[in-house]
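Inspection log for the structure reproduced underneath, given as structure tokens.
The values are calculated or read from the model by the stated rules, or taken from the named source; none is laboratory data. Computed from a predicted model, the values in this text were never measured in an experiment. Neighbour counts run over all protein chains shown; Cβ positions are idealised from the backbone, glycine included. Please note that ligands, DNA and RNA were not included when accessible areas were found on the heavy atoms of the full protein model with its side chains. Shrake-Rupley method; radii C 1.70, N 1.55, O 1.52, S 1.80 Å.
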Amino acid sequence: QVQFVESGGGLVQPGGSLTLSCAASRTIFNSIPMAWYRQAPGKQRDLVAQITRETNTNYAAAVKGRFTISRDNAKNTVYLRMNSLKPEDTAVYYCNTHPPVPNYWGQGTQVTVSS
């Protein structure tokens, strides 16, 4: 059973930065595409950024140029560096494979951007 544990969320002012981390429970992580998703209150869960095994990346239009996804296969961890945060970035952030496996969703980490 694969588990993902997200961390690093918090309250930040507009324009601020955060780095999220996602730790995987098994080394299967090293060979699969990974992604960050987010879900704002009352909205569906959306793809934010994805990264292949070869570290090719792709971003949602709303975060392109502000967010950076990366991975450290030796640590079974994927990161999301978020800069120039906006109130509309407020959401619960999740990591999962890409495409996502329903049974792999974790608890997520809350990011709140507010002054």
Lys and Arg at +1, Asp and Glu at -1: add these up for the other residues within a Cβ distance under 14 Å of Val12 and post the number. +1
Between beta-carbons, use under 13 Å as the cut-off and find the net charge around Asn73, counting Lys and Arg +1, Asp and Glu -1. +2
For the chain, the percent of accessible surface on carbon and sulfur atoms (probe 1.4 angstrom, ligands and nucleic acids excluded) is 48 percent
Roughly what would the spin-label model give for Lys43 and Trp105, points 7 Å off Cα along C-beta, in nm? 1.6 nm
FRET E, pair Thr52, Gln3, Förster distance 30 Å, beta-carbon r, rounded to 0.05: 0.90
Could you provide, to the nearest whole Å², the per residue accessible area of the chain with probe 1.4 Å? 53 Å²
Where q = 0.13, 0.14, 0.16, 0.20 Å⁻¹, what log10 of I(q)/I(0) comes from the Debye formula for the chain, counting one point per Cα? -0.43, -0.50, -0.66, -1.03
